[in-house]
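Visitor: Pasting in a structure now, in structure tokens, and then I'll have a few things to ask.
The values are calculated or read from the model by the stated rules, or taken from the named source; none is laboratory data. Model, not experiment: these values are computed from the prediction. Methodologically, a virtual Cβ is constructed for each residue, glycine included, from the backbone with ideal geometry; neighbour enumeration extends over all protein chains shown.
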Amino acid sequence: MKSDLADILGALRDHPDNLANVSEHWSQGRSVYGGVAAALAVTAMRKEVAADRSLRSLMVSFVGPLQPGESAVRTRLLREGGNVTQTSAEIVQDGQVCLQTLAAYGKPREGLAIAVDHGFTADRPEPDTPLREQDPKRMPGFLKFYEGRWMEGGTPYSGDAKDTIRIWAAHRTDLSEFRDEAVVAVSDIPPPVLLNRFTDTRTPSSSLSWSLELVTPPERIDTRWFLLKFDIEWAADGYTQQSGAIFSEDGRLAALSRQTMVYFQPKTN
């Protein structure tokens, strides 16, 4: 079974029935890493869309655990207008829907441009820095496929209660043929910021929903490195919300992220 992400996406792209096969090395807890699961949906949806339309927004619902192994991606073209195409996809495994997405692809048009400062910091680490070894006991195994460094804020279960985390990350594999998927997959690396409040690793968490707005068309981003800056916005009743900004290596804002996550805090005696 293939582990290289470019090979996984390439096999799906070329499969007439949109069958995908993901190695167990991409696991995150009970499921395939969410960024890769979403990337599978994006690969399949792209087949429905004209090449001159860029991925502009992606909405993901993590319905249930997607296990390593084979799954099927079912796509639907919802509407193709003069400027925007809207599609949906669901990943099905053993007869169960594991993930559902909506995506909007749009042509560029002339219009007012506004750039807002989202706090980019040009402090990228040296190449070949293994992100996972920052704290291997607290980092999921799929991070071995990335270079990077945790730059700011506490890692999960560190007890370092900060509201912001910053991570530099880069795919180890060449995803130049999959620019949409490169941005999508890297954007889901940050864990729930809330987890840095805890020291008990028996505090599981998972994503419920994820919205990713592609500010810069992914085909215009040709750098491997991305800066991920994420902030917790709220937490109550076992749910937490966080938002994030994803920058390309040269400081361009690539995407804006927002997630709702669930966590299960152990009871104290």
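Visitor: Would segment 181-192 turn up any residue that is among the hydroxyl-bearing types (Ser, Thr, Tyr) and under 16 Å from the mean Cα position of the chain (by Cα)?
Guide: There is at least one residue in segment 181-192 that is among the hydroxyl-bearing types (Ser, Thr, Tyr) and under 16 Å from the mean Cα position of the chain (by Cα).
Visitor: Going by what's in this entry, would Tyr157 be described as of a type in the set (Phe, Trp, Tyr) and more than 19 Å from Ala254 (Cβ to Cβ)?
Guide: yes
Visitor: Here's a follow-up. For the condition in contact (Cβ under 8 Å) with a residue 40 or more places away in the chain, charged (D, E, K, R) and farther than 28 Å from Gly10 by Cβ, what is the one hit in Asp188, Asp180, Asp200?
Guide: Being in contact (Cβ under 8 Å) with a residue 40 or more places away in the chain, charged (D, E, K, R) and farther than 28 Å from Gly10 by Cβ holds for just one of Asp188, Asp180, Asp200, which is Asp200.
Visitor: In addition: Just the residues that are surrounded by 16 or more Cβ atoms within 10 Å (Cβ to Cβ), assigned to a loop (DSSP other than H, G, I, E, B) and either at positive phi or in contact with a helix residue (DSSP H, G or I) (Cβ under 7 Å, 6 or more places away or on another chain) (or both), please, taken from segment 201-249.
Guide: Within segment 201-249, Thr203, Ile221 meet the criteria.
Visitor: Take segment 128-147 and flag every residue that is modelled with pLDDT under 90 and part of a strand (DSSP E or B).
Guide: Of everything in segment 128-147, just one residue is modelled with pLDDT under 90 and part of a strand (DSSP E or B), namely Pro130.
Visitor: If Asp174 passes every condition in (1) at pLDDT 90 or above; (2) closer than 20 Å to Arg56 by Cα; (3) not in a strand (DSSP E or B) but one, which one does it miss?
Guide: (2)
Visitor: Another question about this same structure. May I ask you to say which residue of Gly10, Gly81 is in contact (Cβ under 8 Å) with a residue 40 or more places away in the chain and either of a type in the set (Ser, Thr, Tyr) or out of contact with any Pro (no Cβ under 8 Å at 6 or more places or on another chain) (or both)?
Guide: Just one listed residue meets the conditions, Gly10.
Visitor: State which residue pairs qualify: first residue surrounded by 18 or more Cβ atoms within 10 Å (Cβ to Cβ) and inside segment 89-105, second residue among the charged types (D, E, K, R) and not in a strand (DSSP E or B) in any location, beta carbons under 6 Å apart, and separation of 6 or more residues or different chains.
Guide: Note: pairs meeting the criteria are Tyr105/Arg53.
Residue-wise test of (1) crowded, with 19+ Cβ neighbours inside 10 Å; (2) out of contact with any Cys (no Cβ under 9 Å at 6 or more places or on another chain); (3) more than 13 Å from Leu19 (Cα to Cα).
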| position | (1), (2), (3) |
| --- | --- |
| Ser31 | yes, no, yes |
| Gly34 | yes, yes, yes |
| Leu40 | yes, yes, no |
| Thr43 | yes, yes, no |
| Leu55 | yes, yes, yes |
| Val60 | yes, yes, yes |
| Gly64 | no, no, yes |
| Gln67 | no, no, yes |
